[in-house]
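Rule-based calculations on the coordinates, nothing more; no lab input. This one's a predicted model, so the numbers in the text were calculated from it and none came from an experiment. No Cβ is skipped: glycine too gets one built from the backbone with ideal geometry, and neighbour counts run over all protein chains shown.
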Amino acid sequence: MKRLFALLVVLGCIGGGPARAQSDTPAPFDPELQRLAEIMGALHYLRGICGANEGQKWREQMQALIDAEAPSGERRRRIVASFNRGYQGFQQTYRTCTPAADVVIRRYLDEGARISRDITARYAN
């Protein structure tokens with residue numbers, strides 16, 4: 001649960017930073033944000049097949065990230081594409097939950113929490 005909280009912290013903090021002149025102007029943390037989006041896409045798929053009964057939780061978290069950051073143009077496309085790449089990559093690999101899928105879930109929860117903490121520590125006011 002602490003890992004999930006860390007993901008929520010970044011969602012609240014990144015949108016509260018200084019406004020950029022254009023929301024399609026890349027932010028210095030965009031590579032990390034794209035990786036976080038990819039992780040959320042993977043978790044959306046994997047948690048579903050592994051019986052987490054979370055419904056649309058990770059998709060909703062992704063929407064909250066987009067709402068908080070308000071990217072447009074190419075920047076928005078890259079973030080959304082990252083989420084879709086995470087989802088589709090595992091959709092092509094896993095049809096059912098396996099021990100390997102459980103390991104990926106744990107690792108992605110840890111990595112997502114780390115990215116969230118790093119972005120928050122470095123860029124939040």
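Numbers below:
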| quantity | calculated |
| --- | --- |
| Filtered residues of the stretch 37-71 (kept if in contact with a Gly (Cβ under 6 Å, 6 or more places away or on another chain) and closer than 13 Å to TYR108 by Cα) | GLU38, ILE39, GLY41, ALA42 |
| Enumeration of residues in the stretch 70-123 that are under 15 Å from the mean Cα position of the chain (by Cα) and β-branched (Val, Ile, Thr) | ILE79, VAL80, VAL104, ILE105, ILE115, ILE119, THR120 |
| Selection within the stretch 80-101 - among the aliphatic types (A, V, I, L, M) and under 11 Å from MET40 (Cα atoms) | VAL80 |
| Matching residues in the stretch 66-87 - criterion: being part of a helix (DSSP H, G or I) and aliphatic (A, V, I, L, M) | ILE66, ALA68, ILE79, VAL80, ALA81 |
